[in-house]
Amino acid sequence: MTKRSIELAALAIALTFASGCKGRTAAWEDKGTKTPTDASATGDATATSASSLESAKAAWEARGQGKDKVLEAIAAWEQAMGCTAGDTSPKDRCSAPPTTTENAETLALMTRAIYFYADGYLRGDEKAYLDYMDRAVWWGERALIAASPEFGEAMRNKTKYHEAIATVGIAGLPAMYWYATALGKWARASGFGVLVGQKDDIKATMTRALELDPSYYHGGPHRYFGAFYAIAPGFAGGDPDKSQEHYQKSLDLAPYFLGTKVLMAENLATKLDDEEMFDRLLQEVIDADISAAPAEIHAEMAIEKEKAVELQKQKVAEDWF
């Protein structure tokens, strides 16, 4: 058993037996949160802040130039949502962003952008990483409410989360996917107890995403379950064969998406104590031609190449095999 697989096993056992806490109050749980859904009452950000939205779009499309463009896009989107300028959490600057259906797409894209900033540029800064993942989750909650007012109403009426999320339709898929993706990273960075408290909601959200469109974000739902079945212990549903199956389905849908191979190396190869698989996958990522992927995700693929190099170094430094 490798050092890395022992670490994953310890995480998995903790997930199974630790007492969990949510670690946050979601938008649909906070009685003090104002989440207007009536555009006539708050003003439709799409109509009143077209300039900010256009600036955000241009900066986001130029994110391959570096993190400053990502921050520029986030700031412009926040301005369009009525936030005051600043570097602090949106909880302090965005009193009532308009969670109208017209803004659902923008809110989901904001969630993705903030997640990308944390995942791409803050991996070595634990405090900042946690802060920005928390911001991504905050916007993701509002994206879900905007995409599916029925979901928000159900949660405010104390419906169980797994029942409420099952009612969200295809229009809510971007919000669901990026909310769950950010929530998973935030919860894991917050500690075992929080991850235990959130894991069932994350899995329920990705299960719904898989039902709606397995191909979303380049095989993203299958990629999630590839990681889930690799990390979880056998007595909690973990299964390397199922992990391999989901990862392969993700690769079949999007063979150019380098993040799938990075996750396979980090979670599945280490669990299987397969150093050859680990090395091969990461070298394939490093050697890959980014131009083979859709231009829209070239920036993300460049980050995955960086992660592959980091994992190679970490393997040696921490003696994973």
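Being crowded, with 16+ Cβ neighbours inside 10 Å and either in contact with a Gly (Cβ under 7 Å, 6 or more places away or on another chain) or assigned to a helix (DSSP H, G or I) (or both) is the filter here; which residues of the range 150-170 pass it?
Phe151, Gly152, Ala154, Met155, Tyr161, Ala164, Ile165, listed by residue number.
Hey, can you tell me all the residues within the range 77-98 that are crowded, with 16+ Cβ neighbours inside 10 Å and either touching a Pro at 6+ places or on another chain (Cβ under 9 Å) or under 24 Å from Gly172 (Cβ atoms) (or both)?
Correct list: Trp77, Glu78, Ala80, Met81, Gly82, Cys83, Pro90, Cys94, Pro97, Pro98.
If the requirement is being in a helix (DSSP H, G or I), within 18 Å of Ser51 (Cβ to Cβ) and of a type outside the set (Phe, Trp, Tyr), which of these qualifies: Ala75, Ala146, Ala136?
Within the list Ala75, Ala146, Ala136, the selection yields Ala75.
Can you report the number of residues in the range 281-295 which are over 16 Å from Leu251 (Cα atoms) and open to solvent by less than 60 Å² (accessible area, probe 1.4 Å)?
Total satisfying the criteria: 1.
Tell me, yes or no, whether the range 15-31 has at least one residue that is assigned to a helix (DSSP H, G or I), buried (at least 16 other Cβ atoms within 10 Å of the Cβ), modelled with pLDDT under 60 and not acidic (Asp, Glu).
The answer is yes; a qualifying residue exists.
Search the range 251-263 for residues being under 17 Å from Glu300 (Cβ atoms) and open to solvent by 20 Å² or more (accessible area, probe 1.4 Å), and hand back the single one that is nearest to the chain's Cα centre (by Cα).
My answer is Leu263.
I'd like the full set of residues that are assigned to a helix (DSSP H, G or I), buried (at least 16 other Cβ atoms within 10 Å of the Cβ) and modelled with pLDDT of 70 or more, limited to the range 32-63.
Once the filter is applied, which keeps residues that are assigned to a helix (DSSP H, G or I), buried (at least 16 other Cβ atoms within 10 Å of the Cβ) and modelled with pLDDT of 70 or more, the range 32-63 yields Ser52, Leu53, Ser55, Ala56, Ala59, Trp60, Arg63.
Is it true that some residue in the range 99-118 is closer than 30 Å to Val262 by Cα, open to solvent by 40 Å² or more (accessible area, probe 1.4 Å) and of a type outside the set (Val, Ile, Thr)?
Scanning the range 99-118 turns up at least one residue that is closer than 30 Å to Val262 by Cα, open to solvent by 40 Å² or more (accessible area, probe 1.4 Å) and of a type outside the set (Val, Ile, Thr).
Kindly check whether there is at least one residue in the range 187-195 that is aromatic (Phe, Trp, Tyr), modelled with pLDDT of 95 or more and either under 22 Å from Ile170 (Cβ atoms) or open to solvent by 50 Å² or more (accessible area, probe 1.4 Å) (or both).
Checking the range 187-195: not a single residue is aromatic (Phe, Trp, Tyr), modelled with pLDDT of 95 or more and either under 22 Å from Ile170 (Cβ atoms) or open to solvent by 50 Å² or more (accessible area, probe 1.4 Å) (or both).
Is it fair to say Leu183 is of a type in the set (A, V, I, L, M) and open to solvent by 10 Å² or more (accessible area, probe 1.4 Å)? Before the answer, list the steps.
Details: of a type in the set (A, V, I, L, M): yes; open to solvent by 10 Å² or more (accessible area, probe 1.4 Å): no.
No: the conditions fail for Leu183.
Specify which of the listed residues (Lys203, Lys242) is assigned to a helix (DSSP H, G or I), charged (D, E, K, R), buried (at least 17 other Cβ atoms within 10 Å of the Cβ) and without any contact (Cβ under 8 Å) to a residue 40 or more places away in the chain.
Sole residue among the options that is assigned to a helix (DSSP H, G or I), charged (D, E, K, R), buried (at least 17 other Cβ atoms within 10 Å of the Cβ) and without any contact (Cβ under 8 Å) to a residue 40 or more places away in the chain: Lys203.
Only residues that are over 15 Å from Leu258 (Cα atoms) and open to solvent by 30 Å² or more (accessible area, probe 1.4 Å): list them for the range 220-230, please.
If the condition is that a residue be over 15 Å from Leu258 (Cα atoms) and open to solvent by 30 Å² or more (accessible area, probe 1.4 Å), then Phe228, Tyr229 are the ones that fit.
Residue-by-condition table, conditions (1) open to solvent by less than 10 Å² (accessible area, probe 1.4 Å); (2) over 30 Å from Val168 (Cβ atoms); (3) assigned to a helix (DSSP H, G or I):
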| site | (1), (2), (3) |
| --- | --- |
| Pro214 | no, no, no |
| His218 | no, no, yes |
| Gly238 | no, no, no |
| Lys249 | no, no, yes |
| Ala265 | yes, yes, yes |
| Asp279 | no, yes, yes |
| Ile297 | yes, no, yes |
| Ala302 | no, yes, yes |
| Lys315 | no, yes, yes |
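The values are calculated or read from the model by the stated rules, or taken from the named source; none is laboratory data. This one's a predicted model, so the numbers in the text were calculated from it and none came from an experiment. Don't worry about glycine lacking a Cβ; one is built from the backbone with ideal geometry, like all the others, and counts go over all protein chains shown. Heavy atoms of the whole protein, side chains included, go into the accessibility calculation; ligands, DNA and RNA do not. Shrake-Rupley method; radii C 1.70, N 1.55, O 1.52, S 1.80 Å.
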